[in-house]
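Derivation of every value follows stated rules applied to the coordinates shown; laboratory data play no part. What you see is a predicted model; the values in this text were computed from it and never measured. FYI the Cβ positions are ideal-geometry reconstructions off the backbone, even for glycines, and counts take in every protein chain you see.
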Amino acid sequence: MEAFLNTGMRKEHEKRYWDREMILYVGALLYCLLGVNTSSDRIDLIMAGSLYGMVLLTCFVKYFLYDEVGMTSGFLARVLKYHGADPYVLFGKVWKRLLLTEGILAALLGASFVWHGKEPVVTLAVIGLAVVPILIFALIEKYFFYRMNHEISGIARVVVAGMVFIPLLVGTIFLAVKGIILLMVCYAVVSNRVSLNQISQDESVYYVYQNPYLPVMVLLLLLLLVSRFYSRWRITQYVSLVLLIGFVGSVGLSLYTEKQNHVCLTDTHILCTEKGITTEYRLDEVEGICLFTEGGELQYTLTLSGGKALELMGEEITTTDAWGDSYADYYDYLLKLTKQLLAQGAEGTVSNVEGVRQSMKNLSAESSSSVEELIQILQ
Amino acid sequence: MLTVENLGHKYGKRRFALRNISFSLEQGYLCCLVGANGAGKTTLLKTIYGVLCPSAGRVLYQGEQVTRANAKGKEYYKGLCRYHKEVAFVGGDEWCFPNATMQENVETLKTFYENFDEGEYGRLLEVFGLKKAAREKTYPELSRGQQMLFQIAFAMARHPRLLLMDEPFANLDPVVKVDLVQLFQEKMKDEDISILLSTHLVDDISDMVDYVGLMKEGELVTYGDRESVFEEKKVDSLKAWILGGEK
């Protein structure tokens, strides 16, 4: 049994299929981590997690159960039975490996969520959804193994199939709808029917637009499904290639849109660009100014009427009137801006003065002096 | 050596494929199961081998129960695995991996058998003219006859004590059939193996047969040594018996 697991068909399988399996596998992981990084929506994150689970499941079924050599695991069981192998021993070993690897990856996923400051409930939901399909599949496998010599009732078949496919179907429909909306938005923009600024005013459309990785996930899922049905045509090679392009493309898109995030200050307006979409805010809309620290970093935000907060630190900031190249010049500029806004009636606050002073230690003397003055006038 | 007691099998809840089958086979003998298509020969062989679970009765090998009605659990599988080390089945399509070449298959599958005789396997491939096909072809790419020969070569190289074969002569050319009969005779003489097979082509082996079983609609209607069955049926050969309508 050990020989079977470690030599023979396994090695042959690895030699042939390791590369593309791993492209799928690592790609799916990267993809979900990327999704975590770029999305803040709870449903999206949960869907990403559940899809990650399904992708992982597909890869594991292929990789560990030798599906690519032409078998379903049920077929594998029958082949093994023909040769006097104890399926309990084989599947015990396979599932130990599977659960160990799955556990490590789920922990990585969870750590990534925590790292990005996601809510614990979302983190747990995603990890759960990533792990649960594997566990369901394990139970199904166990069920079929125990019942291998028996007739399985039609109802039992429907139940076990439903456990896997209904969530998959619902997830696919959910993401497919989003993908279609995005395509329609893209078409509308390309054909100049609407501008990006107009789109940004529509929250539902904007929501889809700012999550460009989702439609690619739909594609990923559909291609995986196709590859399951047509694996004999070796379509998985092409699928893997498409997915790889998809992953690289989505990473590129993400980096590109990240680069598009910046704030431009004029004498009368703040032009805030998020993922390529620019929104204008008037300076006289500013109701509040807040100086605080987050993770030891100094933060400065403006609160607009309606509650929207604009960060003026940690983003790429430009002004129509250049203030110079140094941070000291920028802090000096913020000081002038603050005075102007306070004069217009905006309310200033400093939260955690001690923390702010602590973070000033990393600044130059000139910058520190500007920040100190900011504290004084905002308090 | 092999004892079958009141064996039954049904597909689904109602459709009986086997009913109340009992017989035994001693070491070193050949038993031939005959019967019309759908009589239950293949189901009987698969149930005896343990890949189908009986709905009634049991199978004993060397006095130890190997399968029974509604058998399940780890102990059952362990017993079945021990049984499979000594018993080979020829005739099912699920004995190897369909997308791998035969050489790759055998490289893997031989790891299940400590006593797998590579020399014997190579010799049999030579005899059957399958060396090239082993390197180049996957199982589905082989002709039905070649598939059967590969299974027989693999089974023989395991040196089983009991060989179960489902229609081993189907789709074989006459020359290979002669080689195969010779091989069975050699193995029975040299290794004292027992063979239980089903066939329609009784002419090829009628001289070798020790026991005969006639199956009809899932039941073993006649079973006994060749002479007594012929005497009872008043025929002088298996062929005459079958041509006479198996009465």
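Put a dot 7 Å past the Cα of B:ASP192, heading toward its Cβ, do the same for A:THR268, and the two dots end up 10.9 nm apart. Take each residue in B:49-55, count the other chain C-beta atoms within 10 Å of its C-beta, and the mean is 3. Residues within the reach of a label modelled at B:ASP179 (point 7 angstrom out along Cα to beta-carbon, backbone nitrogen below 18 Å), restricted to the range B:138-152, are B:142-152. Coordinate range of the alpha-carbon atoms in chain B per principal axis, descending: 48, 45, 33 Å.
Taken residue by residue and averaged, Cβ atoms of other chains lying within 10 Å of the Cβ of B:81-88 number 3.
Over the range B:58-178, the fraction of Cα-Cα pairs per 5 Å bin, rounded to whole percents and listed from the shortest bin up, is 2, 10, 20, 22, 19, 12, 9, 6, 1, 0. Restriction of the GluC sites (Glu not before Pro) in the range B:1-82 to DSSP coil positions whose beta-carbon has at most 13 other beta-carbons within 10 angstrom yields B:GLU26. Within the listed set B:VAL212, B:VAL175, B:VAL87, the residue fluctuating most in the Gaussian network model of chain B (springs between alpha-carbon atoms under 10 angstrom) is B:VAL175. Taking the Cα atoms of the range B:110-208, the ratio Rg/Rh between the radius of gyration and the Kirkwood radius comes to 0.94. Structure remark: mean-square fluctuation, Gaussian network model of chain B, C-alpha springs under 10 Å; the largest value among B:LYS78, B:LYS216, B:LYS46 belongs to B:LYS78.
Near B:VAL59, within a Cβ-to-Cβ distance under 13 Å, what is the net charge of the other residues, with Lys and Arg +1 and Asp and Glu -1? List each step's numbers first, then the result.
Details: positive: B:LYS46, B:ARG58, B:ARG68; negative: B:GLU5, B:GLU64.
Taking every Cβ under 13 Å from that of B:VAL59, the sum is +1.
Ranked from highest to lowest mean number of other Cβ atoms within 10 Å per residue, what is the order of the peptides B:182-192, A:299-309?
Numbers: B:182-192: 13.6, A:299-309: 15.2.
Taking the mean over residues of other Cβ atoms within 10 Å, the ranking is A:299-309, B:182-192.
With the charge dipole of chain B set up from +1 on Lys and Arg Cβ and -1 on Asp and Glu Cβ about the Cα centre, the Cα lying farthest toward the positive end among the listed residues B:ALA153, B:VAL209, B:SER198 is that of B:SER198. Gaussian network model of chain B, Cα springs within a sub-10 Å range: biggest mean-square fluctuation belongs to which of B:ARG19, B:ARG158, B:ARG82? Greatest mean-square fluctuation among the candidates belongs to B:ARG82. Per residue of peptide B:101-113, the mean number of Cβ atoms on other chains within 10 Å of the residue Cβ is 5.
The slack between B:GLN65 and B:PHE116, meaning 0.36 nm per residue of separation minus the straight C-alpha distance, is 15.8 nm. Per-residue extension of 0.36 nm, minus the Cα-Cα distance of B:GLN103 and B:ARG135, leaves a gain of 11.0 nm for this segment. Using the Cβ of A:GLU372 as centre and a radius below 14 Å, the other residues enclosed give a net charge of -2, where K and R count +1 and D and E count -1.
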